[in-house]
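Working notes, structure below.
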Amino acid sequence: MAAQPKTLEYEYPNYLQDPRGIWSWLTTIDHKRIAILYGVSALFFMMVGGLEAMLIRAQLMVPNNHLIGAAIYNELFTMHGTTMIFLVVMPLELGFFANFMIPLHIGARDVAFPRLNALSYWVFIAGAIFLHLGLVRSLAGMPDAGWFGYANLTERMYSPGINIDTWVLGLLILGVSTLLSGLNFFVTIVNMRAPGMTFMRMPMFMWAMLVTTILILLAFPALTVGLVFLFADRFLDTHFYRVSAGATPILWQHLFWIFGHPEVYIMALPAFGIISEVITPFSRKPLFGYPMMAYSLVLIAFLSYGVWGHHMFATGMGPIADSTFAITTMLIAIPTGIKIFSWIATVWGGRLRFTTAMLFTLGFIVEFTAGGLSGVMHASPPVDLQQTDSYIVVAHFHYVLFGGMMMGILAGFYYWWPKITGRMLNETIGKWQFWITLWAFNGTFFPMHFLGVLGMPRRIYTYAPNMGWDFWNYFESINAFILGFAFLLFFINLVWSTLHGEHSSADPWDGRTLEWSIPSPPPAFNFVTIPMVTARDAFWVRKYGSVGAHGVAPAISGGAAAAPVGAPAEVHEHIHMPAPSIYPLIFGLGLFMAALGCMIWIRLILIGGALILMSILGMVFEYPTFGQFNPEALAESTLGLDNRKLGMWAFLGSECVFFASLISTYMVYKDRNLGGFDAMILNIPLTSFSTFILLTSSLLMVLALAAVQRDDRKWGAIWLFGTAFFGMIFLGGQAYEFTDFVLQGLKIQTNLFGQTFYTLVGFHGIHVLIGVCWLLVLAFTTAAGKIGKDRSLAVEIGGLYWHFVDIVWVVIFTLIYLMRTVKHA
Amino acid sequence: MSDHAIKNPHIEAHAVAHEEHPGPGVYLLVAAILTVLTAAEITVFYVPGLQPVLVPILLVLAAVKFAFVAGFYMHLYYDSKVFTIFFGFPLLLALLIVLGLLLLFAHLQGVLSFTIP
Ligand code: HEM
Ligand SMILES: [Cu+2]
């Protein structure tokens, strides 16, 4: 690395230097600091999940081993899987890399909603701790039903302890965190790109994250609904997954895998993105087939919603469904193949530099392909029936998750660590780590293919000596320990290099993307002047002109001569970064307490709820600019649209999947009802009245908006109060309806009709309740004269939510009430 | 964040043209239509002769109401098409999920079965 001029580097304090102190970290809303928080937490859980894996392998090392009992073994693989997925891979990819890099890649100062970003982190921590609450009681309290927690093993009668309670609630909390991050990053990438940064000029990592966030928004709601049912079964004694009441545990499998397969891509696509970034500077070539790379991401995402059944071939879905899911699954191999060939073509003929980051990238390509190929094998139903639940599946998904995702993450660490910390990671240790990992990874997981074919089932804590499994298990365990050693090297490297490593220049790899144009580590506001983007590989073109954009670039090392575009120091004064906030942390705490309340002390829910409410109100009124129309930000936004409004619409899109899951459950369970009350109990005159009430409230809502938009605060307030009032009448009608049913004897536990009806209509009611509270806040603020034309956006966004609740009711009124005699299945 | 001089003229024009929301007149008209449609729904429910075609009629009526609220009260008709895409795609996906689950469960219950010839 040639010595490079330090242009901007010390003109401003970097994001780590200013401000200082614990409090500044607890209240930070800087995406880079939040990324650090995520990174440190996830690295900690990487050690935890890794140690769990070591224990699993120690137990399986020899036959008839009794090092760890069966019960603890169950907890180990469950927590290992859950931890690796939700507490290591996702937070590293989304919370750490994406959080840090999205604004830098697209030329922005922060994400769209900085406080929401902090909130996601604190909620994540709440969920992560919650998952481990079982440790407080005893070792036998951890979740133990596998990472996909199949019903009805998870029911109270089969899992009476707190094991599954912490798992359900922990995952629900983590879901909130992920959903909000997804929303935040989605709006950021769509609407906060620097001028000239068209979609087709974005770095490939941004494409990957754009698609990933869409997957998050549209997949997590299904998991939430599945978990809510499980929660109800465990805490309210309903029967969503109980065969005795006519229900079927298969419902859980559907809801879980409607989420679960997209989840695989939520983990995979960011890693695809990372290695697409790493591969170009070290090949000194632009990414091959950029448009196809982008489109194939989109295609993968789209197809990934239609393949969930490949996890369920063994449940007997029938030949039509089996074939459909088999075909869609095999189709995904096409866009994936396009990506693999494009990476190979990028490397082909390039001037390669085998840095550690590049080595891990190449490792990714090889190992991920191996995992993908065994995946195509499982796509064939008759073949899968032989393989499912055997070690060959464990081999497959570790090739994908470890050989793919984990290698991608490691590549990202070696590539971006200099930008994040200002210090280079040690390349010598890095290369040792890579080669040991490569060997030991294959040594651990490749023989699992053999064991699977030899019939060794997954999730068994020990095995008899005469099965022919001894040698490979022994071999795998030894290699697993070597793999653990490679991670030890990694952690040593991280710590040592951060303290003593070589200082990094702004652009140590001669990079192509914008993050390399600013100092390492960057200042809090990232860019002194928002860059103007004229081409793909924006920074490369700035350094070398458009010649460099095509073909192999000249072999000059270090492009920093043209690097950071300096600017007069007084510019600094004009950059307004949002102020820190403690409310996100309070929100996380509140959610944690509310969830804990479900388990130990019901009143804690109220305290938690109060904290949540307080933090929401706090965040709303914290800035004097709440709800304000901001023409400057609007002019600078990519689409000329307001972030808050885009965010609301994206959220409503996500809600569609939430209600779709509830509605389908109602419909498929309606006909499985084992007698007793059914839809004939529904009171059509009453709900017809409620329907008119809700429609009227929607009218008042738009009148309120029209009034506020012409700055008529008085009528604005009146209409808003009116809307809230009608909302309350609706709620009153619902309270009457529910009480009436309960008095007649229909409780949520009574039968399948009762539970699906109460959850669907009840969740709609909760939405109405939230809407009414929101409306009242708006109404009072307007009455106080605070909301006029300049803040009409606040009313508009509240209105979007309110109308959405109305259209959901349109659907419910038709499907549940008016079509009550119709059989669905 | 007011310090970058380069502005995209296209975007600026866009921002100015933005936000042409309809007035109370349109809103009242939509409210009247929604009321009529809802009344129609309830009527259909109670007329015995219409029972055989209950499902298609109700589904169409609900879809029309849905479209009116989304299009006018939520301004999708007037606002940027981006919002329509943001909402329309998830809606489509949600419909497909409902449809898929209905079919899969119909099979599970033996209502829908196929034999391999
Ligand atoms: C040192 C590296 C690792 C080793 C030695 C290891 C080992 C294992 C073993 C032996 C099992 C099977 C346990 C059983 O079925 O009885 C397992 C399960 C699993 N592993 Fe790993 N693993 C490692 C890393 C990872 C990583 C990086 C991920 C994900 C990113 C991961 C995700 C999973 C998942 C999801 C399961 C399934 C858990 C379940 O059955 O519910 N593992 N691991
Ligand atoms: Cu899958």
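Rule-based calculations on the coordinates, nothing more; no lab input. Quantities reported herein were computed from a predicted structural model and do not represent experimental measurements. Here the Cβ positions follow ideal geometry from the backbone for every residue, glycine too, while neighbour counts run over all protein chains shown.
The simple spin-label model puts a point 7 Å past each Cα toward its Cβ; for B:LEU92 and B:LEU29 those points are separated by 2.9 nm.
What's the average, rounded to a whole number, of partner chain beta-carbon atoms within 10 Å of each residue's beta-carbon in B:29-42? Before the final figure, lay out the partial values.
On the way: counts 0, 4, 7, 1, 0, 8, 5, 0, 2, 7, 2, 0, 7, 9.
That works out to 4 on average.
Between the amide H of A:ALA506 and those of A:SER520, distances stay under 5 Å, these residues lying 5 or more places away or on another chain, with hydrogens modeled in the peptide plane.
Take every Cα pair under 8 Å in chain A that's 6+ residues apart, average their separations, divide by the length, and report that relative contact order as a whole percent. Spell out each step's value before the answer.
Working: 1318 pairs, mean separation 132.7, N = 825.
The normalised contact order for chain A reaches 16 percent.
Applying D = kT/(6 pi eta Rh) to the range A:29-500, where Rh is the Kirkwood radius over alpha-carbon pairs, T corresponds to 20 °C and eta to 1.002 mPa s, the Stokes-Einstein value obtained is 94 µm²/s. 3J(HN,Hα) along the range A:707-717: 5, 5, 5, 9, 6, 8, 6, 5, 5, x, 5 Hz, from the Karplus curve 6.51 cos²θ - 1.76 cosθ + 1.60 with θ = phi - 60°, whole Hz, x for Gly and Pro.
Given only helices, namely DSSP H runs of n ≥ 4 each adding -39500 (n - 2.57), what is the per-residue ellipticity at 222 nm of the protein assembly as shown, to the nearest 500 deg cm²/dmol? All intermediate terms of the calculation are to be shown ahead of the outcome.
Numbers: 31 runs with 595 residues, N = 942.
It comes out at -21500 deg cm²/dmol, rounded to the nearest 500.
Model label points for A:ILE460 and A:PHE235, set 7 angstrom from Cα along the Cα-to-Cβ axis, are 3.8 nm apart.
Listed by chain and number, the lysines placed with their C-alpha closer than 17 angstrom to that of B:LYS65 amount to none; residues fewer than eight positions away on the same chain are left out.
Here the Karplus curve 6.51 cos²θ - 1.76 cosθ + 1.60, taken at θ = phi - 60°, turns the phi angles of the range A:630-636 into couplings of 10, x, 5, 4, 5, 5, 7 Hz, with x standing for Gly and Pro.
Full extension of the segment from A:ILE766 to A:ARG710, taken as 0.36 nm per residue of separation minus the current Cα-Cα distance, would add 17.0 nm. A dipole drawn for chain A from +1 and -1 charges on Cβ atoms has a positive end, and of A:LEU94, A:PRO63, A:ALA321 the residue lying farthest that way is A:LEU94. Electrostatic bookkeeping for A:THR723 treats Lys and Arg as +1 and Asp and Glu as -1; over the other residues with beta carbon under 14 Å from its beta carbon, the sum is -2. About its Cα centre, the range A:649-818 has a charge dipole of approximately 300 debye under the convention of +1 per Lys or Arg Cβ and -1 per Asp or Glu Cβ, with nothing else charged. Between A:PHE450 and A:ALA314, the FRET efficiency from the beta-carbon distance, with R0 = 30 Å, is close to 0.85.
Counting other beta carbons within 10 Å of each residue's own, what order do A:CYS773, A:CYS656, A:CYS598 fall into, fewest first? Kindly include the intermediate steps, with their values, before the conclusion.
Numbers: A:CYS773 15, A:CYS656 25, A:CYS598 18.
Neighbour counts put them in this order, fewest first: A:CYS773, A:CYS598, A:CYS656.
Of the chymotrypsin sites (Phe, Trp or Tyr not before Pro) found in the range A:592-650, those that fall in a DSSP loop while having at most 13 other beta-carbon atoms within 10 Å are A:TRP601. Rounded to 0.05, the FRET efficiency of the A:LYS823 and A:VAL136 pair, given R0 = 45 Å and the Cβ-Cβ distance, is 0.40.
Summing charges over all other residues whose Cβ lies under 12 Å from the Cβ of B:THR38, with Lys and Arg as +1 and Asp and Glu as -1, gives -1.
With a 10 Å cut-off around each Cβ of A:800-806, the average count of Cβ atoms from other chains is 4. Derived value for the range A:691-825: Kirkwood hydrodynamic radius 15.8 Å. Basis is the mean of 1/r over every pair of different alpha-carbon atoms. Backbone geometry of the range A:598-609 corresponds, through the Karplus equation with coefficients 6.51, -1.76 and 1.60 at θ = phi - 60°, to 3J(HN,Hα) couplings of 4, 8, 10, 8, 4, 6, 4, 4, 5, 4, x, x Hz, x marking Gly and Pro.
Note on A:LEU606 and A:LEU16: their simple-model spin labels are 4.7 nm apart, each label 7 Å out from Cα toward Cβ.
Treat every Asp and Glu Cβ in the range A:107-223 as -1 and every Lys and Arg Cβ as +1, leave all other atoms uncharged, and give the resulting dipole magnitude about the Cα centre to the nearest 20 debye. That gives the range A:107-223 a dipole magnitude of about 400 debye.
Full extension of the chain between A:TRP25 and A:PHE689 yields a length gain of 233.8 nm, computed as 0.36 nm times the residue separation minus the alpha carbon distance. With a threshold of 18 Å on the Cα-Cα distance, the over-threshold entries among A:LYS714/A:LYS786; A:LYS32/A:LYS285; A:LYS32/A:LYS419; A:LYS339/A:LYS543 are A:LYS32/A:LYS285; A:LYS339/A:LYS543. Near the amide H of A:GLY246, within less than 5 Å, lie no amide hydrogens of residues on another chain or at least 5 residues away, with H placed in the peptide plane. Residues whose amide H falls under 5 Å from that of A:SER390, counting only those 5 or more places apart or on a different chain, are A:ARG458, with hydrogens built in the peptide plane. Note on A:ASN65 and A:ARG351: with the Förster distance fixed at 41 Å, the Cβ-Cβ geometry gives a FRET efficiency of about 0.20.
With the Cα gyration tensor of chain A in hand, give its eigenvalues times 5 under a square root as the equivalent ellipsoid semi-axes, listed largest first in whole angstrom.
Details: eigenvalues 361, 281, 109 Å².
Value: 43, 37, 23 Å, ordered largest first.
Within the shell defined by Cβ-Cβ distances under 9 Å, the residues around A:SER283 carry a net charge of +4, with Lys and Arg each +1 and Asp and Glu each -1.
Relative to 2.2 N^0.38 Å, what does the C-alpha radius of gyration of the range A:165-233 come to as a ratio? Two decimals please. Mind dumping the intermediate values first?
Working: Rg = 15.5 Å, N = 69, 2.2 N^0.38 = 11.0 Å.
In units of the globular-protein estimate, the range A:165-233 measures up at 1.41.
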